[in-house]
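The values are calculated or read from the model by the stated rules, or taken from the named source; none is laboratory data. Because the structure is a prediction, the values reported are computed rather than measured. Every residue, glycine among them, receives a Cβ derived from its backbone with ideal geometry; neighbour counts consider all protein chains shown. The area values use the complete protein model at the heavy-atom level, side chains included, leaving out ligands, DNA and RNA. Shrake-Rupley method; radii C 1.70, N 1.55, O 1.52, S 1.80 Å.
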Amino acid sequence: QRLKAAVHYTVGGLCQEVEEDKDVQFSKQSIAAIAEITFRQCEIFAKDLEMFARHAKRTTVTTEDVKLLARRSNSLLKYITQKSEELALSNMEQKEKKKKKSTAAKGERTPGEQEAAVTENEDSNMA
């Protein structure tokens, strides 16, 4: 019930934005109908995603499952693919930062830091 209310609230907000942009009006009944259709479609999507994962003998829904679900809408598929790539890049960057922090905490140096330290030592020995 809370989820359904949240969908209804969000649909109402989106309809209000469209009203302001396009100078149209939505009746309360039409907003309720849009919210109900949206909720039902989300239930269908959830079941489809679950089936895609189960078919692949997995218990976790992946981005590939979501892309498969969105395959009929080129613009949606393109958007999901773009966001998926952005998230993957962000996750890789965070892993690299964690890796650098953990090696720094252990007193170890990364290969680039080791090279810089050797060059620094050579420069000071020449002076």
Within the range 29-46, the count of residues that are of a type in the set (Gly, Ala, Ser) and within 23 Å of the chain's Cα centre (by Cα) comes to 1
Based on this model, can you work out whether Asn91 counts as over 17 Å from Ala46 (Cα atoms), of a type outside the set (D, E, K, R), modelled with pLDDT of 90 or more and more than 17 Å from the chain's Cα centre (by Cα)?
no
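Taking Arg54, is it farther than 23 Å from Thr10 by Cα, exposed (fewer than 13 other Cβ atoms within 10 Å of the Cβ), of a type in the set (D, E, K, R) and not assigned by the TED database to the domain that holds Lys4? Spell out the reasoning first.
Values: farther than 23 Å from Thr10 by Cα: yes; exposed (fewer than 13 other Cβ atoms within 10 Å of the Cβ): yes; of a type in the set (D, E, K, R): yes; not assigned by the TED database to the domain that holds Lys4: no.
When the stated conditions are applied, Arg54 does not pass them.
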Is it the case that Ala33 is under 12 Å from Leu69 (Cα atoms), small (Gly, Ala, Ser) and without any contact (Cβ under 8 Å) to a residue 24 or more places away in the chain?
no
Scan the range 9-29 and report the pairs whose first residue is outside the structural domain of Phe39 (by the TED database) and at pLDDT 95 or above and whose second residue is in a helix (DSSP H, G or I) and open to solvent by 50 Å² or more (accessible area, probe 1.4 Å), with Cβ atoms within less than 7 Å and a gap of 6+ or a chain change.
none
